[in-house]
1. Could you order peptides 21-31, 35-45 by the average number of other Cβ atoms within 10 Å of their residues, highest first?
2. Of Phe33, Phe51, Gly23, which is farthest towards the positive pole of the chain's charge dipole, taken about the Cα centre with +1 and -1 on the beta-carbons of Lys, Arg and Asp, Glu respectively?
3. Would you mind giving the average projected area, over all directions, of the Cα convex hull of the chain in nm² with one decimal?
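Laboratory data are not the source of any read-out in this text; all were calculated from the coordinates shown. Quick caveat: nothing in here was measured; it's all calculated off a predicted structure. FYI the Cβ positions are ideal-geometry reconstructions off the backbone, even for glycines, and counts take in every protein chain you see.
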Amino acid sequence: MDDVELGHARVRVTTPGHEFLRGAEGECLVEDFPEMGQTVTLAWQQTSQNFVLVEVE
């Protein structure tokens with residue numbers, strides 16, 4: 001299933017010298033990732049300003 005959009009999000013990008021994104025939180029499920037038949041939960045991590053893998057089912 002190539003070229004299938006998993007989701008869409010609008011994010012604010014910060015650079016050194018500017019404030020980090022604060023107060024944002026959220027998570028989402030991504031199906032068939034990292035392998036077909038598996039589902040992973042991604043969550044926003046403020047300290048790293050990035051999404052992290054939380055749980056793989």
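1. Descending packing order for the listed peptides: 35-45, 21-31.
2. Selected residue: Gly23.
3. It is 4.8 nm².
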